[in-house]
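The values are calculated or read from the model by the stated rules, or taken from the named source; none is laboratory data. Quick caveat, the model's predicted, so the values are computed rather than measured. When we count neighbours, we look across all protein chains shown, and the Cβ atoms used for this are built from the backbone with ideal geometry, even at glycine.
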Amino acid sequence: MNQPGLFEGAPERSCDDRFDIFWNLYPAVRRTGKAKAREAFERLQLTWQQWARLRYILPLQAASSQWTEHPRWIPHPTTYLNNRRFDDEPDAYTTLPPTTAELEVAHRVRKNSARGCPHTPGCGNWRDCIDKIVASNRQRRDA
């Protein structure tokens with residue numbers, strides 16, 4: 001009997017069915033090289049536990065700010081499978097992206113800083129600086 005949700009398509013699904021589910025879960029902006037991705041998927045011979053993990057973490061990764069804000073950093077499907085990115089820690093992808101209000105505060109802090117960056121040593125780029133400001137404001141708020 002097939003359970004809905006996380007274990008949908010678990011033991012009784014064929015590799016082709018699983019691949020099609022994987023392909024449809026993958027962000028459309030990087031769905032390239034389907035034949036090579038299928039080969040990599042078949043080579044993995046995922047157990048149903050690994051399949052369940054992939055089904056759990058891929059939507060988290062696709063919704064993460066890292067993937068939504070910077071699509072060029074989304075690995076190609078073949079690379080994702082070859083590097084077993086579904087084994088990554090889910091916590092790395094569950095951080096909430098900054099709200100509009102948090103971004104406004106962070107931009108104001110940067111604008112009012114003499115050097116453009118309030119950190120010592122200075123941040124490498126504006127995005128890292130904004131992320132640090134948002135993180136420190138969240139820590140202060142939650143403390």
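Among residues of the stretch 126-143 being of a type in the set (Asp, Glu) and within 21 Å of the chain's Cα centre (by Cα), the one that is nearest to residue 116 (Cα to Cα) is 128. Filtering 61, 66, 49 for residues that are modelled with pLDDT under 85 and assigned to a helix (DSSP H, G or I) leaves a single hit, 66.
Residue-by-condition table, conditions (1) hydrophobic (A, V, I, L, M, F, W, C); (2) touching a residue at least 40 places away in the same chain (Cβ under 8 Å); (3) in contact with a His (Cβ under 6 Å, 6 or more places away or on another chain):
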position: 75; (1), (2), (3): no, yes, no
position: 81; (1), (2), (3): yes, yes, no
position: 85; (1), (2), (3): no, no, no
position: 90; (1), (2), (3): no, no, no
position: 103; (1), (2), (3): yes, no, no
position: 106; (1), (2), (3): yes, no, no
position: 111; (1), (2), (3): no, no, no
position: 119; (1), (2), (3): no, no, no
position: 123; (1), (2), (3): yes, no, no
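Taken as a whole, the condition of being aliphatic (A, V, I, L, M), assigned by TED's automatic domain parsing to the domain that holds residue 79, buried (at least 18 other Cβ atoms within 10 Å of the Cβ) and in contact with a helix residue (DSSP H, G or I) (Cβ under 8 Å, 6 or more places away or on another chain) does not apply to residue 21.
For the stretch 132-139, does any single residue satisfy the condition of being in contact with a Pro (Cβ under 7 Å, 6 or more places away or on another chain), surrounded by 12 or more Cβ atoms within 10 Å (Cβ to Cβ), of a type outside the set (Asp, Glu) and not assigned by TED's automatic domain parsing to the domain that holds residue 35?
Yes; the residues of the stretch 132-139 include at least one that is in contact with a Pro (Cβ under 7 Å, 6 or more places away or on another chain), surrounded by 12 or more Cβ atoms within 10 Å (Cβ to Cβ), of a type outside the set (Asp, Glu) and not assigned by TED's automatic domain parsing to the domain that holds residue 35.
Restricting to the stretch 113-143, what's the tally of residues that are assigned to a helix (DSSP H, G or I) and under 21 Å from residue 69 (Cβ atoms)?
13
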